[in-house]
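Enquirer: This is the structure I want to talk about, given as structure tokens.
The values are calculated or read from the model by the stated rules, or taken from the named source; none is laboratory data. All values derive from a computational prediction rather than experimental measurement. We place every Cβ from the backbone using ideal geometry, glycine too, and count neighbours over all the protein chains shown.
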């Protein structure tokens, strides 16, 4: 039966209903990114006031109740009656889409929230919002729920200040999570403070007791210095100018690395995909440097052709433009599309840099030398590529000899395993499904590409084999259509060497085959760590947690406790098993685990003075027949020397123990155990031990040290069979953060890495030495 389609089928979403119906259209998603977007929208309004010259302080606070408070000392949202809407202007701003001062050039010359949906969208997606406005000698206040006013805008006090405060509670009905990430937010506020050197941004997260204040007089120049983690080739420099109707600010420096690190912004909004402003800057920079080379280089140096890629090697740059009506490509404002911006930025960049090079010949010559060296490296890399192609043309097949290729030529079903070592590679070749699985064994550890230029990388045998096997080329020659496999699986041993090989490979993919990661084609295999065998029964278990849970579920048979069902007991003992693992980790770091456990299970001790903690521990140890030989107590540390069967042991108690994440988690898990309130006639760890013992009776448990210990059938069953295997897909959540991490841990600067290790040593949970 045909249904009528008439006027009644046309739904009209009034007010802010559309926002609640389709929140993703306005804030991107309803996960943590969209949640943070709410704060950014409110803060952007305050930043717009700052850019207009009316605000110099912004306070952001995350409360213990889960709300966010954003305050500024700007002019305050207008409170008088709106001429056409007949309600206060502040109420219009908070309840009507596309309403605000951003559309009036007299109010804001430039602004970030240009679509005008900012604070009204925040209101619509909040279960409650309170706006407080200081203006015209009074403090005005109004409350909303899910975008609808629940009170009128009313005067509550008088004041001689101005400004706006917005407090909102995200709606759990809309968002998958309402847990804000303080680190992510601080990174954004720090960026805003760099981009707007006249303002101070104060951030506090009451949930964890963090307070930070961001103010950078140096602006973008401070920003590039903060981003730099390497030795400097040419010192930082910044420029600012107004050209026609746009403001252009940029800063740059050169370091000894081989990669570029550039960020761009339009009206304080990050443009991760670049756009016309970034293209204009790059063109102006390239022209300024090549022009300098032609005027100042030696005759031999002038023969070296310099490209844009060469002048960006080792470059750290920030480009920020203020545009009155920018056109963005895409809903997320990721790329600036305004075509008139490019020639203006290019002209300004060329002119100011040319003048700077003339006035600073030492810096200019250092930058020129860096570009010429990059060009020579690029030409050497080209020769290496050409040589490889030439060899391939003369060989019988173009694929590397070590590669055991698959029969399928369809990249969507084909997968390649990059396997650590020839031994495991041999097992993988025998155990695989030849139809769709290719195997490429890797000998030892590949070159660390973070410390090498492209010509050296292309001379590495293992890297050449991978590039040839993939078929898609790297860098500017990358062509996804030629990629032969849509699953590239890194398969290494579950030890520290295996992890290092994984890291080296991921560094290579991130720097030279980034699109392959972005498309979701790179995976880590998850080989099992244990095999449980009892009679004909064989079970493979991924890690220690999986083994413990399996032993509990198996060992429960034939063991009964009065008044406790099997399901409750299994759930309870899994928590106990986690507690046992944490105690074992603490035992690897601290002597006298019995005393450490006593503090975990009596956390009130932690709040005492150190002299009082010592008395408690002394009594406890003596009650367990430990002989204390010596002790030392100060205001911030306790040292107790005890004679045990193993010899003299030193117990050290200080802040490092109390802030250790393993110790903190042990307290949390113990409290979960205690809350279950199950009664046994023995210690709960002994109960767990009894059940594990029952599971191990007559069984053989093998711990695999490496892939080579598995025969082909085992490797197929556990790690390669699509029906059984577990694969971990590699994703890049934050490209800039990922780049910084690779630079920190894989780069050639030792000092930042040493400092990081010293600062975070106490956070280590799994140490393989």
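Enquirer: How many residues, within the stretch 1-21, are modelled with pLDDT of 80 or more and loosely packed, with under 13 Cβ neighbours inside 10 Å?
Expert: First, pick out the residues of the stretch 1-21 that are modelled with pLDDT of 80 or more: 19-21.
Next cut, loosely packed, with under 13 Cβ neighbours inside 10 Å only: 21.
Number of matching residues: 1.
Enquirer: Find the residue count for the stretch 52-95, including only residues that are surrounded by fewer than 19 Cβ atoms within 10 Å (Cβ to Cβ) and assigned to a strand (DSSP E or B).
Expert: Matching residues across the stretch 52-95 total 5.
Enquirer: Just the residues that are surrounded by 14 or more Cβ atoms within 10 Å (Cβ to Cβ) and outside any strand (DSSP E or B), please, taken from the stretch 144-158.
Expert: Residues satisfying the conditions are 146, 147, 153.
Enquirer: Determine which single condition residue 378 fails, assuming it passes every other condition in (1) part of a loop (DSSP other than H, G, I, E, B); (2) at pLDDT below 85; (3) under 29 Å from residue 257 (Cβ atoms).
Expert: Of the numbered conditions (1) part of a loop (DSSP other than H, G, I, E, B); (2) at pLDDT below 85; (3) under 29 Å from residue 257 (Cβ atoms), the odd one out for residue 378 is (1).
Enquirer: Taking the condition outside any strand (DSSP E or B) and at pLDDT 90 or above, does residue 119 pass? Can you show your working first?
Expert: Numbers: outside any strand (DSSP E or B): yes; at pLDDT 90 or above: no.
Taking the combined requirement at face value, the residue does not satisfy it.
Enquirer: Find the strands (runs of 3 or more DSSP E) located wholly in the stretch 200-255 whose residues include 3 or more that are buried (at least 16 other Cβ atoms within 10 Å of the Cβ), and list them. If you could, list the steps in order and put the result at the bottom.
Expert: Numbers: elements: 200-205, 210-214, 232-243, 246-255.
The strands (runs of 3 or more DSSP E) meeting that bar are 200-205, 232-243, 246-255.
Enquirer: Still on this structure, please answer the following. Give just the number: which of (1) closer than 15 Å to residue 132 by Cβ; (2) surrounded by fewer than 20 Cβ atoms within 10 Å (Cβ to Cβ); (3) out of contact with any helix residue (DSSP H, G or I) (no Cβ under 8 Å at 6 or more places or on another chain) does residue 46 not satisfy?
Expert: Only one criterion in (1) closer than 15 Å to residue 132 by Cβ; (2) surrounded by fewer than 20 Cβ atoms within 10 Å (Cβ to Cβ); (3) out of contact with any helix residue (DSSP H, G or I) (no Cβ under 8 Å at 6 or more places or on another chain) is unmet by residue 46, namely (2).
Enquirer: Is it the case that residue 425 is free of Cβ contacts under 8 Å to residues at least 24 places away in the same chain and surrounded by fewer than 17 Cβ atoms within 10 Å (Cβ to Cβ)?
Expert: Values: free of Cβ contacts under 8 Å to residues at least 24 places away in the same chain: yes; surrounded by fewer than 17 Cβ atoms within 10 Å (Cβ to Cβ): no.
Considered against the rule, which asks whether it is free of Cβ contacts under 8 Å to residues at least 24 places away in the same chain and surrounded by fewer than 17 Cβ atoms within 10 Å (Cβ to Cβ), residue 425 comes out as no.
Enquirer: To continue, here is another question. Report whether or not residue 196 is at pLDDT 90 or above, in the same structural domain as residue 72 (by TED's automatic domain parsing), surrounded by fewer than 20 Cβ atoms within 10 Å (Cβ to Cβ) and under 23 Å from residue 56 (Cβ atoms). Lay out the reasoning, then the answer.
Expert: On the way: at pLDDT 90 or above: yes; in the same structural domain as residue 72 (by TED's automatic domain parsing): yes; surrounded by fewer than 20 Cβ atoms within 10 Å (Cβ to Cβ): no; under 23 Å from residue 56 (Cβ atoms): yes.
So residue 196 does not fit the description; no.
Enquirer: Okay, next question. Could we say that residue 49 is in a loop (DSSP other than H, G, I, E, B), in contact (Cβ under 8 Å) with a residue 24 or more places away in the chain and more than 23 Å from the chain's Cα centre (by Cα) here? Spell out how you get there, then give the answer.
Expert: Values: in a loop (DSSP other than H, G, I, E, B): no; in contact (Cβ under 8 Å) with a residue 24 or more places away in the chain: yes; more than 23 Å from the chain's Cα centre (by Cα): yes.
No.
Enquirer: Any residue that is in contact with a strand residue (DSSP E or B) (Cβ under 6 Å, 6 or more places away or on another chain), exposed (fewer than 15 other Cβ atoms within 10 Å of the Cβ) and modelled with pLDDT of 90 or more - is there at least one of those in the stretch 161-170?
Expert: yes
Enquirer: Test residue 652 against the stated conditions and say whether it is under 25 Å from residue 690 (Cβ atoms) and either at pLDDT 90 or above or surrounded by 12 or more Cβ atoms within 10 Å (Cβ to Cβ) (or both). Write out each step before concluding.
Expert: Details: under 25 Å from residue 690 (Cβ atoms): no; either at pLDDT 90 or above or surrounded by 12 or more Cβ atoms within 10 Å (Cβ to Cβ) (or both): yes.
Taking the combined requirement at face value, the residue does not satisfy it.
Enquirer: For residues in the stretch 187-199 being in a helix (DSSP H, G or I) and out of contact with any strand residue (DSSP E or B) (no Cβ under 8 Å at 6 or more places or on another chain), which is farthest from residue 51 (Cα to Cα)? Even if it seems obvious, please write down each step before you answer.
Expert: Step one: of the stretch 187-199, the residues in a helix (DSSP H, G or I) are 187-195.
Next, only the ones that are out of contact with any strand residue (DSSP E or B) (no Cβ under 8 Å at 6 or more places or on another chain) stay: 187-188.
On the way: 187: 20, 188: 17 Å.
Here the answer is 187.
Enquirer: Of all residues being exposed (fewer than 12 other Cβ atoms within 10 Å of the Cβ) and over 20 Å from residue 547 (Cβ atoms) in the stretch 681-710, which is modelled with the highest pLDDT? Just the residue, please.
Expert: 683
Enquirer: When you check residue 172 against the structure, is it under 21 Å from the mean Cα position of the chain (by Cα) and either assigned by TED's automatic domain parsing to the domain that holds residue 22 or in contact (Cβ under 8 Å) with a residue 60 or more places away in the chain (or both), yes or no?
Expert: On the way: under 21 Å from the mean Cα position of the chain (by Cα): no; either assigned by TED's automatic domain parsing to the domain that holds residue 22 or in contact (Cβ under 8 Å) with a residue 60 or more places away in the chain (or both): yes.
Against the criterion (under 21 Å from the mean Cα position of the chain (by Cα) and either assigned by TED's automatic domain parsing to the domain that holds residue 22 or in contact (Cβ under 8 Å) with a residue 60 or more places away in the chain (or both)), residue 172 does not qualify.
Enquirer: Check whether at least one residue in the stretch 673-681 is under 19 Å from residue 581 (Cβ atoms), more than 35 Å from the chain's Cα centre (by Cα) and in a loop (DSSP other than H, G, I, E, B), and report yes or no.
Expert: no
Enquirer: Just to be sure, is residue 289 part of a loop (DSSP other than H, G, I, E, B), out of contact with any strand residue (DSSP E or B) (no Cβ under 7 Å at 6 or more places or on another chain) and within 20 Å of residue 364 (Cα to Cα)? Step through it out loud before you land on a result.
Expert: Working: part of a loop (DSSP other than H, G, I, E, B): no; out of contact with any strand residue (DSSP E or B) (no Cβ under 7 Å at 6 or more places or on another chain): yes; within 20 Å of residue 364 (Cα to Cα): yes.
In short, no.
Here is a yes/no grid of residues against (1) out of contact with any helix residue (DSSP H, G or I) (no Cβ under 7 Å at 6 or more places or on another chain); (2) at pLDDT below 80; (3) not in a helix (DSSP H, G or I):
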{"residue": "367", "(1), (2), (3)": "no, no, no"}
{"residue": "371", "(1), (2), (3)": "no, no, no"}
{"residue": "391", "(1), (2), (3)": "yes, yes, no"}
{"residue": "427", "(1), (2), (3)": "no, no, no"}
{"residue": "450", "(1), (2), (3)": "no, yes, no"}
